[in-house]
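Q: So that we are looking at the same thing, I have put the structure below in structure tokens.
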Amino acid sequence: MKGFKIWIMEKFKRFGQSQTLQTDYITYMDELGSFTGAKPNIPWLFLTDPRLALEVYFGPCSPYQFRLMGPGKWDGARNAILTQWNRTVKPTRTRVVSEAQRPHPFYNLLKMLSFPLLLLAATLTFY
């Protein structure tokens with residue numbers, strides 16, 4: 001029984017200190033995409049579809065970009081890449097806010113003229 005307790009203590013002492021290999025997601029996906037032929041060819045994209053190329057190059061690294069060419073090519077990948085920011089922001093908008101009414105230009109003019117008048121009135125009260 002004592003040996004079992006020591007074994008359990010040793011197991012829990014090492015818990016969370018895994019010796020597994022860790023790698024960067026983008027580096028790993030680029031390498032894996034290169035091996036399978038699914039890595040997007042950025043110079044070719046700039047020639048054929050500049051908008052998509054800009055989104056792939058400067059946008060977030062999403063799994064959709066590895067479905068643009070090669071095995072497992074998906075026709076909806078282009079649309080998914082170009083609309084990924086819309087799908088990210090949409091859940092944060094919980095209600096529709098009506099557009100605020102703009103004040104009339106006369107109202108802005110009145111506000112601008114009232115400040116010097118108030119300043120003049122304040123200086124006259126001190127004399």
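Q: For Tyr57, put the label point 7 Å out on the Cα→Cβ axis and report which residues of region 23-41 keep their amide N under 13 Å from it.
A: Label zone hits: 41.
Q: Using the basic label-point model (7 angstrom from Cα toward the beta carbon), what is the Leu110 to Gln22 distance in nanometres?
A: Placing both labels 7 Å along Cα→Cβ, they lie 6.3 nm apart.
Q: Between Arg93 and Thr123, what FRET efficiency comes out of the Förster formula 1/(1 + (r/R0)^6) with R0 = 30 Å and r the beta carbon distance, rounded to 0.05?
A: 0.05
Q: Another question, then. Going from the alpha-carbon gyration tensor of region 31-91, what semi-axes, largest first and in whole Å, does one get by taking the root of 5 times each eigenvalue?
A: Equivalent ellipsoid semi-axes, largest first: 19, 14, 10 Å.
Q: Spelling out what I want: for every residue of region 50-60, take phi, set θ = phi - 60°, compute 6.51 cos²θ - 1.76 cosθ + 1.60 (Karplus), and round to whole Hz; glycine and proline get x.
A: Values, residue by residue: x, 5, 5, 4, 5, 5, 5, 6, 9, x, x Hz.
Q: As an exercise, identify the GluC sites (Glu not before Pro) in region 18-127 lying in DSSP coil whose Cβ has no more than 11 other Cβ atoms within 10 Å.
A: Loop-located and lightly packed - Glu99.
Taken together, the values in this text are just the output of simple stated rules run on the coordinates, not laboratory data. Quick caveat, the model's predicted, so the values are computed rather than measured. Cβ coordinates were reconstructed from backbone atoms using ideal geometry, including for glycine residues, and neighbour counts include every protein chain displayed.
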